[in-house]
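Comments concern the structure below.
We did not get these values from a lab; they are worked out from the coordinates using the rules stated. What you see is a predicted model; the values in this text were computed from it and never measured. FYI the Cβ positions are ideal-geometry reconstructions off the backbone, even for glycines, and counts take in every protein chain you see.
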């Protein structure tokens, strides 16, 4: 349905864009169907804290592919005289994605925080691109919204040894009270 809607709604102004976005949406839909089917066949055990969630493994694979793409693009740009500097930047971004993948795989809390920030940036960029290209990119943020929801799940927080959101918000409120008391004592 999305494929046929995109072929009807997209303007023919940018060659190749319609086909690549349609292919990307088809891949996203296929991955969603596979993940949904897997969940019905083998329900996840959320009680095991040490077990790596399947979604985190998929996010790691996604970041490795992104990192590989950036590194290859950076290396190719190095062969051009003027954009060679941009190639260094792209290769550095690719190496950063490899580091992020390793952090997610090893359950480092900083990697989860970075992934949350990148997901929010992806949502914002997808919406802006969708507005600029008049509905061409509105299918892209759907995966980012799902990824943001998934990264905030309690079992993912347990895997990264992060307490639940309610407990952390209570801790933040207590910290705010302590800071207010400290500032009140300091002024007296």
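Each residue in 29, 121 was given a count of other beta-carbon atoms within 10 angstrom of its own, and listing them fewest first yields 121, 29. Among 28, 38, a tally of other beta-carbon atoms within 10 Å of each Cβ gives an order, fewest to most, of 38, 28. Exposure proxy shown here: for 59, 89, the number of other Cβ atoms within 10 Å sets the order, fewest to most, as 89, 59.
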